[in-house]
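Participant: Quick one: the structure is below, and I'll ask about it shortly.
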Amino acid sequence: MNYNLFEGKNIILTAWHEGDEKTAAKWQLDAEYMRNLDSDIAMPRTEAQIKESSEEMSKSKNDIEFFIRLKETGELIGFVALDGIEWNNARSSLAIGIGDKKHRGKGYGRETMELILQFAFTELNLHRVELNYFNYNENAGRLYESVGFKYEGAKRDFVHRDGRYYDLILMSLLRHEWEERNKA
């Protein structure tokens with residue numbers, strides 16, 4: 001099998017480029033983006049903080065981060081990461097974010113998920129990839145189900161947003177499930 005691990009039809013996965021922190025800092029001003037990423041308080045980070053975080057992740061042997069770019073223009077549109085990799089258990093957590101609203105809902109997230117799962121299961125030889133999302137982010141739930149993730153459970157009333165509590169939904173995908181879905 002000959003896979004192109006880092007290039008899809010519309011997007012490519014790359015390393016961090018000098019200056020990317022300017023684009024990523026703009027995403028930090030979008031409350032919807034920030035609230036979908038984390039249960040912590042949505043607060044923008046500086047360009048220096050963003051750059052430092054990315055540099056730290058690149059030094060880790062248990063965290064792998066790619067930056068999502070439009071294939072045609074090279075424009076940075078998001079990130080995807082496999083973090084907390086437990087090599088002895090062949091498992092990892094996955095996180096994805098499409099930064100600018102104008103790029104959401106266009107299939108870039110799905111294309112990215114397909115590439116990162118191929119990378120996780122064929123290049124890293126992982127057995128399990130897991131993720132979570134807040135149940136108010138229905139688009140994320142549909143995306144994850146569409147690429148094969150299975151519901152595992154929920155942490156009830158996990159995050160407080162705008163006067164309401166929401167659940168944290170837990171999902172995973174096992175290698176054999178991914179292989180079955182991707183038979184040639």
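Participant: Applying the selection to the stretch 113-133, what residues are touching a residue at least 40 places away in the same chain (Cβ under 8 Å) and within 24 Å of A154 (Cβ to Cβ)?
Facilitator: Of all residues in the stretch 113-133, those touching a residue at least 40 places away in the same chain (Cβ under 8 Å) come to 114-119, 121-124, 126-131, 133.
Once the filter is applied, which keeps residues that are touching a residue at least 40 places away in the same chain (Cβ under 8 Å) and within 24 Å of A154 (Cβ to Cβ), the stretch 113-133 yields I116, L117, L126, H127, R128, V129, E130, L131, Y133.
Participant: Then there is this: Can you give me the number of residues within the stretch 120-138 that are touching a Phe, Trp or Tyr at 6+ places or on another chain (Cβ under 9 Å), over 16 Å from E180 (Cα atoms) and in a helix (DSSP H, G or I)?
Facilitator: Summing the residues that are touching a Phe, Trp or Tyr at 6+ places or on another chain (Cβ under 9 Å), over 16 Å from E180 (Cα atoms) and in a helix (DSSP H, G or I) in the stretch 120-138 gives 1.
Participant: Here's a follow-up. Could you run through the stretch 163-183 and say how many residues are without any contact (Cβ under 8 Å) to a residue 60 or more places away in the chain, aliphatic (A, V, I, L, M) and farther than 21 Å from H127 by Cβ?
Facilitator: Qualifying residue count for the region: 1.
Participant: Filter the stretch 76-90 for residues that are assigned to a loop (DSSP other than H, G, I, E, B), exposed (fewer than 14 other Cβ atoms within 10 Å of the Cβ) and in contact (Cβ under 8 Å) with a residue 12 or more places away in the chain and give the result. Spell out the reasoning first.
Facilitator: Applying the first criterion (assigned to a loop (DSSP other than H, G, I, E, B)) to the stretch 76-90 yields 87-90.
From what's left, exposed (fewer than 14 other Cβ atoms within 10 Å of the Cβ): 87-89.
Hits for the stretch 76-90 are W87, N89.
Participant: Of the numbered conditions (1) at negative phi; (2) modelled with pLDDT of 95 or more, S53 fails exactly one; give the number of that condition.
Facilitator: (2)
Participant: Being under 20 Å from A90 (Cα atoms) and either modelled with pLDDT under 95 or not charged (D, E, K, R) (or both) is the filter here; which residues of the stretch 145-175 pass it?
Facilitator: V147, G148, F149, Y151, L170, M171, S172, L173, L174
Participant: Right, next: Would you be able to say whether some residue in the stretch 97-112 is touching a Leu at 6+ places or on another chain (Cβ under 9 Å), crowded, with 17+ Cβ neighbours inside 10 Å and of a type in the set (A, V, I, L, M, F, W, C)?
Facilitator: So far as the stretch 97-112 goes, no, none of its residues is touching a Leu at 6+ places or on another chain (Cβ under 9 Å), crowded, with 17+ Cβ neighbours inside 10 Å and of a type in the set (A, V, I, L, M, F, W, C).
Participant: In the stretch 143-165, is there at least one residue being of a type outside the set (F, W, Y), surrounded by 15 or more Cβ atoms within 10 Å (Cβ to Cβ) and part of a helix (DSSP H, G or I)?
Facilitator: Within the stretch 143-165, one or more residues are of a type outside the set (F, W, Y), surrounded by 15 or more Cβ atoms within 10 Å (Cβ to Cβ) and part of a helix (DSSP H, G or I).
The values are calculated or read from the model by the stated rules, or taken from the named source; none is laboratory data. All values derive from a computational prediction rather than experimental measurement. Reconstructed Cβ throughout: ideal geometry from the backbone, glycine too, with neighbour counts over all protein chains shown.
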